[in-house]
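Trainee: Quick one: this structure, given as structure tokens, is what I'll be asking you about.
No lab work stands behind these numbers, since they all come straight from the coordinates. Treat the numbers as computed from the prediction; the structure is a model and nothing was measured. Every residue, glycine as well, gets a Cβ built from its backbone with ideal geometry; the counts of neighbours run over all protein chains shown.
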């Protein structure tokens, strides 16, 4: 049954309609005049104007919002991750530690950068297993790429202490964590480089797009040139002129630039981030509190240092669940109009590491595998109302009862 058909049936029965969780965050009206201007002028390339292009303005505004020195707008978060590793000048085959619970694009970026992903175990709380992390760090690593998957922040104090002791740079994949705080610091500003996504299902929506941030001038200069600032277009980036002169014609150009239309869509959403974060967290915690009343469900709690910025919700099927029961739970939730995905039981799921067949070696990661086989995922956009949230909760609890009893 389609979502529309289910909504019609519920409406006919007098039940609350099924909320649409698939629409992205709306584009503010403030973007429309600038979009029309750009379309009328054809001025879409970020380097056409001598200065003041929408992409350049976005970079300045995002850097100010995050409290960092440099921001580089690019075509995607994957592009930002790739450029981060290239800007760090990692050698071919460099070992890059990556959480085994992440999206396939993350290890793909490592492969694209001619590096070797080393997958680290993730525990039932959906965060890096620090024992396995320290063990693999001791075996040798050239960089660490921490993916704050679905906004679950690993122990950044312990990670940074271990990496700083060995002089190993940390890249933060903050695609799901724009607005998250760790001990009052913004996620993405703790490691040497932070990378963000503006893909449609993220907190800020431009369809596609990404951002690389850093306080390191050499990393910023190298990333700018490699992103596609060919000839003397780097002069349209403020500062760093000596570094730009140093790297002129010495680095490959990967052409991962953002265009002005994307920037025009993103810029009016920057002032909306804090409100979206507050509403998303309230929605998440409301649903989490209700789900945690079931003996069969558990939402991982935040770490003490963490203030999350969620736009989705993850929970574990706890207790004695078989694979067939977990599949039956997914199906029952769907009948109630709620889309719930068990990561490890959804065919070809790009977040299940055993589906990353492009890796040279498939490691044995029993803790991560066990977590993924019972970890559930559902979208929970900040725009949902209390009534929407209660419909989702009711559907999940009813599906649980249908499989496991009251």
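Trainee: Given Cα pairs under 8 Å that are at least 6 residues apart, what percent is the relative contact order of the chain?
Mentor: Once divided by the residue count of the chain, the mean separation gives 21 percent.
Trainee: By how many degrees, 0 to 90 and rounded to 10, does the Cα axis of helix 30-41 deviate from the longest principal axis of the chain?
Mentor: Computed tilt is about 50 degrees.
Trainee: Then there's this: Taking only the alpha-carbon atoms of the range 272-404, what semi-axes of the equivalent ellipsoid follow from 5 times the gyration tensor eigenvalues under a square root, in whole Å, largest first?
Mentor: Result for the range 272-404: semi-axes of 25, 20, 14 Å.
Trainee: Principal axes first, then extents: for the Cα atoms of the range 73-121, list largest minus smallest coordinate on each axis, whole Å, largest first.
Mentor: Cα extents, longest axis first: 31, 23, 13 Å.
Trainee: Mind ordering 237-245, 265-273 by average Cβ neighbours within 10 Å, highest first?
Mentor: In descending order of packing, they fall as 265-273, 237-245.
Trainee: While we're on this one: Compute the relative contact order of the range 307-365 as a whole-number percentage, counting only Cα pairs closer than 8 Å that sit 6 or more residues apart in sequence.
Mentor: Relative contact order for the range 307-365 comes out at 17 percent.
Trainee: Pick from 137, 251, 83 the residue whose mean-square fluctuation is largest in a GNM of the chain, springs joining Cα atoms under 10 Å.
Mentor: Evaluated over the chain, the most mobile residue of the options is 251.
Trainee: Between the range 237-313 and the range 204-218, what's the alpha-carbon centroid distance in Å?
Mentor: Between the Cα centres of the range 237-313 and the range 204-218 lies a distance of 10 Å.
Trainee: Under the 0.36 nm per residue contour assumption, what length would be gained going from the current alpha-carbon distance of residue 138 and residue 253 to full extension?
Mentor: The span from residue 138 to residue 253 would gain 38.0 nm if fully extended.
Trainee: Looking only at 142, 129, 360, which one moves most when the chain is put into a Gaussian network model with springs between Cα atoms under 10 Å?
Mentor: Looking only at 142, 129, 360, the biggest GNM fluctuation is shown by 360.
Trainee: Label residue 323 and residue 367 with points 7 Å out from Cα along Cα→Cβ: what is the distance between them in nm?
Mentor: Roughly 2.3 nm, to one decimal.
Trainee: Let me ask something additional. Which of these, 215, 157, 311, has the largest mean-square fluctuation under a Gaussian network model of the chain (Cα springs below 10 Å)?
Mentor: It is 157.
Trainee: Go through (i) 21.9, 70; (ii) 20.0, 63; (iii) 22.3, 78 and flag the label whose value is the computed Rg and Dmax of the Cα atoms in Å for this structure.
Mentor: Entry (i).
Trainee: Right, something else. Measure out, as a whole number of angstrom, how far apart the alpha-carbon centroids of the range 357-399 and the range 99-156 sit.
Mentor: 19
Trainee: Could you tell me the relative contact order of the range 30-271? Use alpha-carbon pairs under 8 Å, at least six residues apart, and round to a whole percent.
Mentor: Dividing the mean separation by the residue count of the range 30-271 yields 27 percent.
Trainee: Considering the range 30-271, what Rg and Dmax in Å follow from its alpha-carbon atoms?
Mentor: Reported Rg and Dmax, both Å: 17.6, 57.
Trainee: Spin-label point model (7 Å from Cα, Cβ direction): what's the residue 301 to residue 245 distance in nm?
Mentor: Inter-label distance under the simple model: 5.7 nm.
Trainee: Between residue 158 and residue 111, how high is the FRET efficiency from 1/(1 + (r/R0)^6) when r is the Cβ-Cβ distance and R₀ = 22 Å? Nearest 0.05.
Mentor: 0.20
Trainee: What order do you get for 361, 61, 121 when you list them from fewest to most C-beta neighbours inside 10 Å?
Mentor: Starting with the residue having the fewest Cβ neighbours, the order is 361, 61, 121.
Trainee: Taking the Kirkwood radius as the inverse of the mean 1/r across Cα pairs, report the Rg/Rh of the range 94-235.
Mentor: Using Cα coordinates only, the ratio equals 0.96.
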